[in-house]
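K.L.:
The following block contains the structure, expressed as structure tokens.
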Amino acid sequence: MAKSRRAVYPGSFDPLTMGHVDIACRAARLFDELIMAVYDTPNKALLFTTQERVALATEALHDVPNIRVDSFRGLTVDYARSVSAQVLVRGLRATSDFELEFQWSLMNRKLSREIEVVCLVSSLRYIFTSSSNIKEVARLGGDVGGLVPPCVAQALAERFGRDDSAPPVPRYLAT
């Protein structure tokens, strides 16, 4: 019986972007199973709860049969071991991403020599997209359509008190 190739794509995904979806779908073609692992306790201010982030990722990726969404806390390599994954998947957008991922890859290698790290370069159309930028644009009433899955766009509109069906009122006209 052939060994199943399982990979974990860890991140905070707050919010999930089309860049994340692109990396997940491309990674899903390389592995028998991809677990999109939503990190429960990142060292940053979160907009969405862990349960909300899991639900949004699950909805956005529901049509990719070999992707499942889960949450975890603690060390990524410990989670990967607990689900019998052999690979961690990471996305790269810019040189700064490479430097950070290189450091994390070396640390993860020190913690777990049996788990490999595979980095996928972002598609050009999403290279400028980050969760931080998406949150800021959405908070200020900008259009994030096409940069996030529709379910995430709706959740952002609701979180920031906007009716996404109506265009935002420019700040200089709001009284």
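Values quoted throughout were computed directly from the atomic coordinates according to the rules given, and no laboratory measurement underlies them. Treat the numbers as computed from the prediction; the structure is a model and nothing was measured. Methodologically, a virtual Cβ is constructed for each residue, glycine included, from the backbone with ideal geometry; neighbour enumeration extends over all protein chains shown.
K.L.:
Assign unit charges at the C-beta atoms only (+1 for Lys and Arg, -1 for Asp and Glu), then state the dipole size of the range 6-130 relative to its Cα centre in Debye, rounded to the nearest 20.
P.N.:
Dipole magnitude for the range 6-130 comes out near 260 debye.
K.L.:
Could you work out [θ]222 nm for the chain from helices alone, using -39500 (n - 2.57) per DSSP H run of at least four and dividing by all its residues? Round to the nearest 500 deg cm²/dmol.
P.N.:
-11000 deg cm²/dmol
K.L.:
By counting other Cβ atoms within 10 Å of each Cβ, how are Val118, Val38 ranked from fewest to most? Before the final figure, lay out each step's value.
P.N.:
Working: Val118 15, Val38 27.
Ordered from fewest to most neighbouring Cβ atoms within 10 Å, Val118, Val38 come out as Val118, Val38.
K.L.:
Restricting everything to alpha-carbon atoms, can you work out Rg to Rh for the range 6-130 with a Kirkwood hydrodynamic radius? Working shown, then result.
P.N.:
On the way: Rg = 13.5 Å, Rh = 14.6 Å.
Ratio value, two decimals: 0.92.
K.L.:
Would you work out the relative contact order for the range 6-130, in percent, from Cα pairs under 8 angstrom that are 6 or more residues apart?
P.N.:
32
K.L.:
Work out the charge dipole of the chain with +1 on the Cβ of Lys and Arg and -1 on the Cβ of Asp and Glu about the Cα centre, then indicate which of Ala85, Leu156, Ala138 is farthest towards its positive end.
P.N.:
With unit charges placed on the Cβ atoms, the residue in question is Ala85.
K.L.:
Starting from the range 87-164, pick out the GluC sites (Glu not before Pro) whose DSSP state is loop and whose Cβ has at most 14 other Cβ atoms within 10 Å.
P.N.:
Qualifying residues, ordered by number: Glu114.
K.L.:
Subtracting the Cα-Cα distance from 0.36 nm times the residue separation, let me have the gained length for Val83 to Arg113 in nm, one decimal.
P.N.:
Additional length available on full extension: 9.2 nm.
K.L.:
Suppose R0 equals 45 Å. What FRET efficiency, 1/(1 + (r/R0)^6) with r the Cβ-Cβ distance, do Ser4 and Arg162 give to the nearest 0.05? Each step should come with its number before you reach the end.
P.N.:
Values: r = 43 Å, r/R0 = 0.96.
Efficiency computed from Cβ-Cβ geometry: 0.55.
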